[in-house]
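Peer 1: Handing you this structure, nothing more for now.
The values are calculated or read from the model by the stated rules, or taken from the named source; none is laboratory data. Please read all numbers here as calculations on a predicted model, not as lab measurements. Positions of Cβ are generated from backbone atoms using ideal geometry, with glycine treated the same way; all protein chains shown enter the neighbour counts. For accessibility, only protein heavy atoms count, side chains too; no ligands or nucleic acids. Shrake-Rupley method; radii C 1.70, N 1.55, O 1.52, S 1.80 Å.
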Amino acid sequence: LCNQHAGHVAGIVPTEDAVDGCATRAVPVTNLSTYGAFGALAFAWSGEWSDDLLPNYMYNARVNKTGSAWTPEEEYFWPATAEHLRFYAYAPYDGAGIVLSPSTQAGPPTISYSVPADVTAQSDLLTARTGDLSGSGGGVVPISFSHALTAVKFSCGADMNVGTVRSISLKGVYSRGTYDLDTESWSGHSEAADFSQRLEQPTAGTPGSAITSGGTTFMLLPQTLPQGAVIELVFNDGSKEHTLTVNIGGTIWRRGTTVTYNLSTTSINWSYTLEVSSPASYT
């Protein structure tokens, strides 16, 4: 048995290796320049918005960082006849596990997302939407990105032994879902899967010290965890290897938050005393 206490923090908290320059993987980011490009879709129409509209102005257009500006790879001219425009965007562009809804799908676009099994390939999926803009506006399109996933980290709790964390696994959590870029919500969760990483992380057991961070952060689907979902910790205390588990089924991971599980090894610290008394007389 592995004790745990989960804390939720609003926002996906980055580490220093995610802020400057291009990361080797998409650890939690605060600067879109980490990705270097994002994908854009846009609708142009007159009259009232209708969910029958198609992304007829842009579809998965690659937008690159050029100096201090973000510019579409292909040149687009502001449509002269449309009364309204609406833009959607996502990053990283054509990232692992991302399947964009087809250009023939009417209404707001969606992303079908499959979380990569390899933690080093899991991206901090970012999305954005503008709402309706005037077709006579022209110029720069203001757009603000937010985090679509949940960052899951681990640290030492109040009763963690000195030793080595050999591996951490999240087992039986949903790995596939569909994200609506307009409502910024997830649906259609499916395919419970296991996500594991070998760490060989020495620890002094100091409460609050990180077991995973930066590139070892799990980036997973926001969800109500299915029954049977567990954390599995493989821990070596210097004399013996222990496999410890705790059930997390039914708990909630919220979009755009960081969940930190504070782990302890209480159960391997237990000692047992058996007190035996003579039974009553019997035949």
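Peer 1: Compute the relative contact order of the chain as a whole-number percentage, counting only Cα pairs closer than 8 Å that sit 6 or more residues apart in sequence.
Peer 2: 23 percent.
Peer 1: Using just the C-alpha positions of the range 120-271 as equal point scatterers, what log10 of I(q)/I(0) does the Debye formula give at each q in 0.11 1/Å?
Peer 2: -0.51
Peer 1: On average, how much accessible surface per residue is there in the chain, in Å², for a 1.4 Å probe, leaving out ligands, DNA and RNA?
Peer 2: 49 Å²
Peer 1: What distance in nm separates the simple spin-label points at Asp52 and Asp118, each placed 7 Å from Cα in the Cβ direction?
Peer 2: 4.6 nm
Peer 1: Can you work out the base-10 log of I(q)/I(0) for the chain at q = 0.10, 0.14, 0.17 1/Å, using the Debye formula on its C-alpha atoms alone?
Peer 2: Debye intensities relative to I(0), on a log10 scale: -0.61, -0.99, -1.29.
Peer 1: Tell me the net charge near Ala42. Cut-off is 15 Å between Cβ atoms, Ala42 excluded, with +1 for each Lys or Arg and -1 for each Asp or Glu.
Peer 2: With Lys, Arg at +1 and Asp, Glu at -1, the net is -3.
Peer 1: Something else now. For the range 100-196, with equal point scatterers placed on the C-alpha atoms only and solvent neglected, what are the log10 I(q)/I(0) values from the Debye formula at q = 0.20, 0.21, 0.24 1/Å, to two decimals?
Peer 2: Debye curve over Cα of the range 100-196, log10 I(q)/I(0) at q = 0.20, 0.21, 0.24 Å⁻¹: -1.12, -1.19, -1.36.
Peer 1: Need one number: nm distance between label points at Val276 and Glu74, each 7 Å from Cα along Cα→Cβ, rounded to one decimal.
Peer 2: About 8.3 nm, to one decimal.
Peer 1: Please build a GNM for the chain, connecting alpha carbons under 10 Å apart, and tell me which residue among Ser123, Ser68, Ser33 fluctuates the most.
Peer 2: Ser68
Peer 1: Right, next: Running a GNM on the chain with Cα contacts under 10 Å, which residue among Thr30, Thr81, Thr273 ends up with the highest mean-square fluctuation?
Peer 2: Ranking Thr30, Thr81, Thr273 by mean-square fluctuation puts Thr273 first.
Peer 1: I'd like the FRET efficiency for Thr206 and Arg254, computed as 1/(1 + (r/R0)^6) with the beta carbon distance as r and R0 of 35 Å, rounded to 0.05.
Peer 2: The pair Thr206/Arg254 has a calculated efficiency of 0.80.
Peer 1: Could you tell me the calculated FRET efficiency between Arg176 and Ala37, based on Cβ-Cβ distance and R0 = 22 angstrom, to the nearest 0.05?
Peer 2: Given R0 = 22 Å and the Cβ-Cβ separation, E is 0.35.
Peer 1: Could you please state how large a percent of the accessible area of the range 183-283 is carbon and sulfur, counting protein chains only and using a 1.4 Å probe?
Peer 2: Exposed carbon and sulfur together represent 49 percent of the surface.
Peer 1: Explain nothing, just the number: relative contact order of the range 78-130, from Cα pairs under 8 Å at least 6 residues apart, as a whole percent.
Peer 2: About 47 percent, as a whole number.
Peer 1: Please say if the range 201-283 is rounded, prolate or oblate, where rounded means a/c under 1.5 for a ≥ b ≥ c the square roots of the C-alpha gyration tensor eigenvalues, and otherwise the choice is prolate for a/b larger than b/c and oblate otherwise?
Peer 2: Judged from the Cα gyration tensor, the range 201-283 comes out oblate (a/c at least 1.5, b/c at or above a/b).
Peer 1: Could I ask something else about it? To the nearest 20 Debye, how big is the dipole of the range 117-265 about its Cα centre, given +1 on the beta carbon of each Lys and Arg and -1 on that of each Asp and Glu?
Peer 2: The dipole of the range 117-265 has a size of about 140 debye.
Peer 1: OK, next. Compare Ala80, Ala117, Ala158 in a GNM of the chain, Cα atoms joined below 10 Å, and give the one with the largest fluctuation.
Peer 2: With Cα springs under 10 Å in the chain, the top fluctuation among Ala80, Ala117, Ala158 is at Ala80.
Peer 1: OK, next. Take the solvent-accessible surface of the protein heavy atoms, probe 1.4 Å, and return the percent of it on the range 42-139 that carbon and sulfur atoms account for.
Peer 2: It is 49 percent, rounded to a whole number.
Peer 1: Mind giving me the nanometre distance, one decimal, between the label points for Thr245 and Glu184, set 7 Å out from Cα along Cα→Cβ?
Peer 2: About 3.7 nm separates the two model spin labels.
Peer 1: On to the next question. Full extension from Thr130 to Thr104: what is 0.36 nm times the residue separation minus their Cα-Cα distance, to one decimal in nm?
Peer 2: 7.3 nm
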